[in-house]
1. Computed on alpha carbon atoms, what radius of gyration and Dmax characterise the chain, expressed in Å?
2. Compute the angle between helix 29-63 and the longest alpha-carbon principal axis of the chain, please, reported from 0 to 90 degrees and rounded to the nearest 10.
3. Please go through the chain and write out the trypsin sites (Lys or Arg not before Pro) that DSSP classes as loop and that have at most 11 other C-beta atoms within 10 Å.
4. Which one, 31, 14, 50, is farthest towards the positive end of the dipole of the chain when Lys and Arg carry +1 and Asp and Glu -1 on their Cβ?
5. Based on the Cβ-Cβ distance of residue 59 and residue 38, what FRET efficiency does E = 1/(1 + (r/R0)^6) give at R0 = 35 Å, to the nearest 0.05?
6. Of the chymotrypsin sites (Phe, Trp or Tyr not before Pro) in the chain, which ones lie in a loop per DSSP and count no more than 11 other C-beta atoms within 10 Å?
7. Rounded to the nearest 20 debye, what is the charge dipole size of the chain about its Cα centre when +1 sits on each Lys and Arg Cβ and -1 on each Asp and Glu Cβ?
Amino acid sequence: MYEVLLYWITRSTLTTLFTIGMVFILGVPSLKQFTLPLIVGILAGGWSSVLLSCSLWNVFRKKFRKKRI
């Protein structure tokens, strides 16, 4: 389950980053000024999502683990 969560977070981040990166490369100067902060924000958001999801997954897994007899 953890691998699936990490896969979807990174996949959506990379897809969005690729699209905005193309707008940055091919766009006019006013779009470049707009997309550069978006790129930084998406990178920071993707990084924090990966770090938060890992730690939250471990906390919830330990807290709600079914005890076997």
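1. Every Cα atom of the chain included, Rg and Dmax give 17.3, 65 Å.
2. 0 degrees
3. Qualifying residues, ordered by number: 65, 66, 67, 68.
4. 50
5. Details: r = 31 Å, r/R0 = 0.88.
Efficiency computed from Cβ-Cβ geometry: 0.70.
6. 64
7. It works out to roughly 760 debye.
A short reminder: the numbers here are calculations on the coordinates, not readings from a lab. Keep in mind the model is a prediction, meaning the values are calculated, not measured. Ideal geometry is used to build each Cβ from the backbone, glycine not excepted, and the neighbour counts take in all protein chains shown.
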